[in-house]
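Inspection log for the structure reproduced underneath, given as structure tokens.
The values are calculated or read from the model by the stated rules, or taken from the named source; none is laboratory data. Fair warning: this is a prediction, and the values are worked out from it, not measured in the lab. For neighbour counting, all protein chains shown are included, and Cβ atoms are generated from backbone atoms with ideal geometry for every residue, glycine included. Surface accessibility is based on the protein's heavy atoms, side chains included, excluding ligands, DNA and RNA. Shrake-Rupley method; radii C 1.70, N 1.55, O 1.52, S 1.80 Å.
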Amino acid sequence: MDDWFLTVLLLLLLCVSGPWGQGQETEGSSEVLPEESTGEEVPKEDGILVLSHRNLSLALQEHPALMVEFYAPWCGHCKAIAPEYSKAAALLAAESASVTLAKVDGPAEPELTKEFGVVGYPTLKFFQNGNRTNPEEYTGPQKAEGIAEWLRRRVGPSAALLEDEEGVQALIAKWEVVVIGFFQNLQEEDVATFLALARDALDITFGFTDQPQLFQKFGLTKNTVVLFKKFDEGRADFPVDKDTGLDLGDLSRFLIIHSMHLVTEFNSQTSPKIFAAKILNHLLLFVNQTLAQHRELLTDFREAAPPFRGQVLFVMVDVAADNGHVLKYFGLKAEEAPTLRLINVETTKKYAPTGVMPITAASVSAFCQAVLHGQVKPYLLSQEIPPDWDQRPVKTLVGKNFEQVAFDETKNVFVKFYAPWCSHCKEMAPAWEALAEKYRDREDIVIAELDATANELEAFSVHGYPTLKFFPAGPERKVIEYKSTRDLETFSKFLDSGGDLPEEKPKEPAVSTPEIQDNSTKGPKEEL
């Protein structure tokens, strides 16, 4: 992962999934069992029911809450989730929870994969009350406790009904973050909205109440969702608008923002929440946590955070931890800590303080304000120009010499934008070297390459690897993207025609750079 946005992404390359078709049954109907299936016992492996087209209907009849994993024996992601799936089954069985886990070998059961629109593995679907027409697709965590909690909140209450102060205080004492909905009438639609959100916010414990004495105890006079936490300011209130009611999206964002610490340490566990918060501006403090003088800076950093809550997310990055990919993305070295960087995750523009800036609450606040008010110019990453950049047939471009070389009016410049880790880039490298060798004596043609993970360009951004662009000679600054076959013969035709070639599908597709988002709850899938 060479990109702040690839922190989650390269581990989460998702394939597209969508329905192929639906079953022929009407909603709530069940398939008639073959006569030989009557009395048949559904087999189990590691606490998981093993289903097929012959016994699925039987399983649906016997188990009113049934989670089914469609897997493929060759699928690496399925192998990874298998032990967690079995652990989840064991957890639920130990609690005598009224839910059962099952699995289907997708390639061996094409009728079922077609019926349920399975186009990638693993795909998990949840069936209730024997209804095989509209199962709910699982998009929760891939770990055992997450799977179990997702199911608990579907077969049981997603929030605890609280009757007295003792119950409220017990809930608050037990968990680091607790959300309680105070509603004057439990039959209101707002309560249903609240409970629906609670079904999927698995990392937060929920309760709700309509007791007047509890409204009085917590100083409330109207319907309010209150987040209690054992850190920072301790409590955050979300009043329900009397006219518009409880908005699911607004409440979800409120809970994500306020359930996070004012300063969040960046790591693999917190990164999903960081990006799920949908706060566009991230302020990063790079420190070495092994040094006491660096740790002391966190106090001032945290002190500056409250006025920016919801507008700027304050993140601490420990340069002594496994965060080299983050340092590289911001063009930093560990020895440059402590230092600040701010990034807008929508535009990907990065900002740095001017000169040497001491890390104080006042300086952090001033830097944030300056960026938000457009008083700081973004910077672009660039490696240093290698001394021998033009000595090989394939010329080496970086951010600092790209403009001069690519838009030279006397040259036709063909550039490969690549990522060092990209397998497609490595596969086409011999053809690119051969092309450069073929035209090495042509003064008007330059064959070049640029590592797009370490160099950024003002002219355009690169979102997939490899990306090939042709910059024909002339003053127009014209750019032609090459989208044809990646071999020496086709490259040569393209150059000889001045960048004019009928489009063909490349033999190898470019590797798209996925955007980072809150994908921790979405498991990777392999296509059928």
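Summary of values
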| read-out | value |
| --- | --- |
| Cα-projected label distance for LYS483 with GLU233, points at 7 Å along beta-carbon direction, nm | 4.9 nm |
| Contact order normalised by residue count of the range 48-117, Cα under 8 Å, 6+ apart, percent | 52 percent |
| Area projected by the alpha carbon convex hull of the range 323-378, averaged over all directions, nm² | 4.2 nm² |
| Accessible area in square angstrom per residue, the range 101-197, 1.4 angstrom probe | 42 Å² |
| Using alpha-carbon coordinates, inclination of helix 423-438 to the longest axis of the chain, degrees | 10 degrees |
| Cα-based shape type of the range 293-349, given that a ≥ b ≥ c are square roots of the gyration tensor eigenvalues and the cut on a/c is 1.5 | oblate |
| Order by protection proxy (mean Cβ within 10 Å, highest first), peptides 449-461, 125-137 | 449-461, 125-137 |
| Candidate residues GLU115, GLU176: accessible-area rank, largest first, probe 1.4 Å | GLU176, GLU115 |
| Residue-averaged [θ]222 nm for the chain, counting only DSSP H segments that reach four residues, each worth -39500 (n - 2.57) | -8500 deg cm²/dmol |
| Pairs of lysines in the range 218-294 (C-alpha under 27 Å apart; 8 or more residues apart or interchain) | 8 |
| 37 °C / 0.692 mPa s Stokes-Einstein diffusion coefficient of the range 234-275, Kirkwood radius on C-alpha pairs, µm²/s | 274 µm²/s |
| For the range 94-155: relative contact order, % (alpha-carbon pairs under 8 angstrom, 6 or more apart) | 26 percent |
| The range 271-374 shape via C-alpha gyration tensor axes, a/c threshold 1.5 | rounded |
| The range 409-442: trypsin sites (Lys or Arg not before Pro) in DSSP coil with no more than 13 other Cβ atoms inside 10 Å | ARG440, ARG442 |
| Exceeding the 23 Å Cα-Cα cut-off - candidates LYS79/LYS143; LYS328/LYS400; LYS426/LYS478 | LYS426/LYS478 |
| Full-extension gain in nm, ASP390 to GLU265, via 0.36 nm per residue minus C-alpha separation | 40.8 nm |
| Whole-Hz ³J(HN,Hα) from phi, Karplus 6.51 cos²θ - 1.76 cosθ + 1.60, for the range 176-187, glycine and proline x | 5, 10, 9, 10, 10, x, 9, 10, 6, 9, 6, 8 |
| Alpha-carbon centroid distance for the pair the range 119-143 / the range 43-67, whole angstrom | 13 Å |
| Rounded if a/c under 1.5, otherwise prolate or oblate - the range 107-177, Cα gyration tensor axes | prolate |
| Trypsin sites (Lys or Arg not before Pro) lying in DSSP loop within the range 284-338, provided at most 14 other Cβ fall within 10 Å | LYS333 |
| Selection from GLY249, ALA170, PRO272 lying farthest towards where the dipole of the range 149-282 points positive, charges on Cβ | PRO272 |
| Per residue, the convex hull volume that the Cα atoms of the chain enclose (Å³) | 210 Å³ |
| Alpha carbon centroid spacing (whole Å) that separates the range 203-281 from the range 285-332 | 24 Å |
| Within the accessible area of the chain (1.4 Å probe), percent carbon and sulfur | 50 percent |
| The range 137-240: radius of gyration and largest Cα-Cα distance (Dmax), Å | 13.9, 41 |
| Inter-centroid distance (Cα atoms) of the range 454-475 relative to the range 144-201, Å | 51 Å |
| In Hz, Karplus ³J(HN,Hα) per residue of the range 158-166 (6.51, -1.76, 1.60; θ = phi - 60°; x = Gly, Pro) | 7, 8, 7, 7, 9, 9, 8, 5, 4 |
| The range 64-119: chymotrypsin sites (Phe, Trp or Tyr not before Pro) in DSSP loop, at most 15 other beta carbons within 10 Å | TRP74 |
| LEU162, LEU186, reordered so the largest accessible area comes first (probe 1.4 Å) | LEU186, LEU162 |
| Phi-based couplings in Hz for the range 136-147 (Karplus 6.51, -1.76, 1.60; Gly and Pro marked x) | 8, 6, 7, 10, x, x, 9, 9, 4, 5, x, 4 |
| Kirkwood Rh in Å, taken over the range 224-321 so that all alpha-carbon pairs contribute | 14.7 Å |
| Accessible area expressed per residue, the range 323-427, with surrounding protein chains retained (probe 1.4 Å, Å²) | 51 Å² |
| Amide H within-cut-off set for THR123, under 5 Å, with H built and near neighbours excluded | PHE70 |
| Helix axis angle, 76-94 relative to the chain longest principal axis, alpha carbon, degrees | 20 degrees |
| Solvent-accessible area of LYS395 with every protein chain in place, 1.4 Å probe, in Å² to the nearest 10 | 50 Å² |
| Rounded to the nearest 10 Å², the accessible area of CYS422 at probe 1.4 Å | 0 Å² |
| Compactness relative to 2.2 N^0.38 Å, alpha carbon Rg of the range 41-128 | 1.02 |
| In degrees, nearest ten, helix 189-200 long axis to first principal axis of the chain (Cα) | 60 degrees |
| Simple spin-label estimate for ASP250 and GLU303 in nanometres, 7 Å along Cα-Cβ | 3.5 nm |
| Largest to smallest accessible area among ASP105, ASP496 [probe 1.4 Å] | ASP496, ASP105 |
